[in-house]
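Comments concern the structure below.
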Amino acid sequence: MKKKPLHPDSEKSLTADIFVFILFITGASPHSTTAIINLKNICDKYLKGRYKYQVVDVYQQPTIAKDEQLVALPLLIKKAPLPERRCIGDLSDTRKVLQMLGIYAES
Amino acid sequence: MNLKKNTKTTGELLRKTPSGIQGLDEITEGGLPLGRPTLVCGAAGAGKTLFGVGFIVHGAMDYNEPGVIISFEERAEELETNVASLGFDLKKLQKEKKIFIDHVHVQRNEIEETGEYDLDGLFIRLQHAIDTVGAKRVMLDTIENLFGGLTNDGILRAELRRLFNWLKQIGATTIITAEKGDGTLTRQGLEEYVSDCVILLDHRVENQISTRRLRVVKYRGSIHGTNEYPFLIDENGISVLPVTSLRLENKVSTQRVSSGIPELDEMLGGKGFYKGSSILVSGTAGTGKTSIVATTVNAACNRNERCLFFAFEESPQQIIRNMRSIGLDLQKHVDAGLLVFSATRPTVYGLEMHLVNMHKKIQEYNPKLVIVDPISNLLTTGILGDVKLFLMRLLDYLQSKGITGMFTALNLNSVITEKSDEGVSSLVDAWITVKDIETNGERNKGLYIMKSRGMKHSNRIREFVITDEGLTLVDVFIGPEGVLTGSARESQELLNETGSELRGYALSRNNKAIDRKRKVLESKIAALNEEFDSVRDDLNRVYIEEDLKKDVLEKARKKLIQKRKDNGKNK
């Protein structure tokens, strides 16, 4: 079942922009590993070739936690295209992740 | 078995860390549980954040225990500004690496939840903060705010449990603040996780005036005061005044100070009050309570002692004017800087603030004598019990500083009962009461000393007279007609004078009579003497006559004999 696009011009942005993500994780915790796998899957499926992402292990850079206002982890920040959006969790709720990305979801 | 266990555990008592919050350590017998979390809950504006910041700041400054403040509400700058008014310089402490402040901000609309997560971010930040300053103390200011930002209750609760356990493990003494819920201590039931020590702050409004109170709800493994203790927030942060646990260890003085009324001093064993004692002057309306204290103030100022006058009824000018009418020039002392008035309406603020104000003024001015006129007016700001506690705290403070305190209180009923005067009579060292004595269509004042600890004092009722030159005490007349005062006393005195006059007259009359009697007797004695003399003369005359006769007869006989002889010769 197809859903209507969430934004009328999301089709356009889909084709034009490159998605930039930062994923904050904490070492090799179960949530962290799940999050990495889920992100990779989603990107490969919906944004093939149009994405860049960086994985940051907060344990390695504890000061970043204060600067980025990190509380709940894992945290995914979409830096581009604007607006910047954040989502927490292991990204297993694909529909919500797509909503955040501005991609209409398919069940 | 149980007993054995108990005696065994006394050896390893719960270790505590001083909170640095004045008075709290006394209630909790040493402070907050070391290395354990303490929950501080209360409604909005109860002073939770202040409590926590006070704990952290005092730890950093006084006990060499650096601290971390994780604020979920205010940003660091806001927090700095808010507590700056209380004398906490967070900026400086942060620079000195004694305190680390981190503002944790969770905005719900910015965050989407897409599955399982944990609060490792918070853990890492906390760990980092603790490592940075080597913190021994941690404050989590309203961690419940997380519930507003994150929706998954199940995860949050599990994570909070993990957080508190972790804090316990690393041995950080933690304060967790939480908003009071409806019927529960906290909105999110945090007391479930933090069960070592729970402190409840309360902010109650009675008669439109608010009073802050603190209660230790729970303190696992330790005895603690269970009462509600009033506390106040002033420049030094929170200070709890644990009335019932204050130790009675104040130094006392044997020095005496004059009350300014010589007759009253005389009633008090001749020397006046003890220095540093507390004196209650009570009486019905218009009995001259203020005049008594003003006289004492005047006397103290004349001795070059500083006085502080808290007036709750009259303005300073009014008091000065009124006292001039009894010959007291208080203005002189005000000008000389020996007397300071602090006049406020009792309803201006709650009892707490009054106490704060008084503490401040006393500290600033360092007086020898403090007057509160009258304490009964404070009743408008609180219930009786509160006023009593207030006075107890004030008295304690004065005593600890060796300041003599004098309080006036209005008696509403003319009958003096044991339970009166805001129940402070048991607190004060000396209690003077002025009572109306109503007789013969006159109202006069009788002064009693109800009590005066540690000195001989008169049991007499003295009539209290206010003259243009000041106050004096006159002996009342106690006679067959009862206690006489005022003009009745004067007339009785007059009557006495007449009586003595009459008695004197009677005496002199008697003396005269005796004199006369003596004179009569004396004259009688003289007459009898005369008579005796005449009788004796009479008797003597007979003798002489007899002698004379005898003589003459003898002569005649001799002549006769001679004649006879001559005749014979011639023959």
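The values are calculated or read from the model by the stated rules, or taken from the named source; none is laboratory data. Just so we're clear, the structure is a prediction, and the values are computed from it rather than from any experiment. Positions of Cβ are generated from backbone atoms using ideal geometry, with glycine treated the same way; all protein chains shown enter the neighbour counts. To get the accessible areas, we keep the full protein, side chains included, count just its heavy atoms, and leave off ligands, DNA and RNA. Shrake-Rupley method; radii C 1.70, N 1.55, O 1.52, S 1.80 Å.
Model label points for B:Ala76 and B:Lys360, set 7 angstrom from Cα along the Cα-to-Cβ axis, are 3.1 nm apart.
Label sites at B:Glu438 and A:Asp57, each approximated as a point 7 angstrom past Cα along Cα to Cβ, lie 9.3 nm apart.
For B:Ser277, the residues whose modelled amide H falls within less than 5 Å of its own, excluding neighbours fewer than 5 places apart on the same chain, are B:Gly405. Of the whole protein surface, B:Ser534 contributes about 60 Å² of accessible area at a 1.4 Å probe radius. Using 21 Å as the Cα-Cα cut-off, could you pick out the over-long pairs in B:Lys92/B:Lys136; B:Lys289/B:Lys445; B:Lys332/B:Lys360? Check vs 21 Å cut-off fails for B:Lys332/B:Lys360. For B:Thr485, the amide hydrogen comes within under 5 Å of no other amide hydrogen, counting only partners 5 or more places away or on other chains and with H modelled in the peptide plane.
Each pair of Cα atoms in the protein assembly as shown enters the Kirkwood radius, and Stokes-Einstein at 20 °C and 1.002 mPa s then converts it into a translational diffusion coefficient of 64 µm²/s. Rounded to the nearest whole angstrom, the semi-axes of the ellipsoid equivalent to the stretch B:14-245, taken from the Cα gyration tensor as √(5λ), stand at 26, 20, 18, largest first. Beta bridges from DSSP with both residues in the stretch A:10-101: antiparallel share about 55 percent, rounded to the nearest 5. In this structure B:Lys555 has an accessible area near 130 Å², from a 1.4 Å probe over the protein heavy atoms.
Restricting the count to DSSP beta bridges whose residues both fall in the stretch B:14-245, what percent are antiparallel, rounded to a multiple of 5? About 40 percent, rounded to the nearest 5.
Cross-link pairs exceeding 23 Å in C-alpha to C-alpha distance, out of B:Lys180/B:Lys388; B:Lys368/B:Lys435; A:Lys45/A:Lys78, comprise B:Lys180/B:Lys388; B:Lys368/B:Lys435. What you get for chain B, charging only the Cβ of Lys and Arg (+1) and of Asp and Glu (-1), is a dipole of about 4940 debye around the Cα centre.
How many Å² of accessible surface get buried when A and B come together, counting both sides, probe radius 1.4 Å, rounded to the nearest 100? The A and B chains share an interface burying roughly 2200 Å². Each Lys and Arg Cβ is given +1 and each Asp and Glu Cβ -1; about its Cα centre, the stretch B:256-475 then shows a dipole of about 580 debye. So for the stretch B:256-475: antiparallel DSSP bridges make up what percent, rounded to the nearest 5? Expressed as a percentage, antiparallel bridges in the stretch B:256-475 total about 45.
A loss of 20 Å² or more of accessible area (1.4 Å probe, protein heavy atoms, ligands and nucleic acids excluded) relative to the isolated chain is seen in these residues of the stretch B:111-159: B:Ile111, B:Glu112, B:Glu113, B:Thr114, B:Glu116, B:Tyr117, B:Asp118, B:Asp120, B:Gly121, B:Ile124, B:Arg125, B:His128. The mean accessible area for residues of the stretch A:10-101, using a 1.4 Å probe and ignoring ligands and nucleic acids, is 47 Å² per residue. Surface composition of the protein assembly as shown: carbon and sulfur atoms hold 51% of the protein heavy-atom accessible area at a 1.4 Å probe. Taken residue by residue and averaged, Cβ atoms of other chains lying within 10 Å of the Cβ of A:72-82 number 3. A convex hull fitted around the alpha carbon atoms of the stretch A:10-101 yields 88 Å³ per residue. In this entry, the stretch B:425-571 is assigned a mean projected area of 21.7 nm², taken as a quarter of its C-alpha convex hull surface. Entry comment: accessible area of the stretch B:510-571 is 102 Å² per residue, from protein heavy atoms only and a probe of 1.4 Å. In this label model, B:Ile544 and B:Glu192 are separated by 15.2 nm, measuring between points 7 Å along each Cα→Cβ vector.
Please list B:Phe477, B:Phe407 from largest to smallest accessible area, probe radius 1.4 Å, with all protein chains kept in place.
B:Phe477, B:Phe407
Here the alpha carbons of chain B define both size measures, Rg and Dmax, at 46.5, 212 Å. Note on A:60-69: average number of Cβ atoms from other chains within 10 Å of each residue's Cβ is 5. A Förster radius of 45 Å combined with the Cβ-Cβ distance from B:Glu314 to B:Asn165 puts the calculated FRET efficiency at roughly 0.15.
A helix-only calculation puts chain B at -13500 deg cm²/dmol for mean residue ellipticity at 222 nm, using -39500 (n - 2.57) for each DSSP H run of at least four residues, averaged over all residues.
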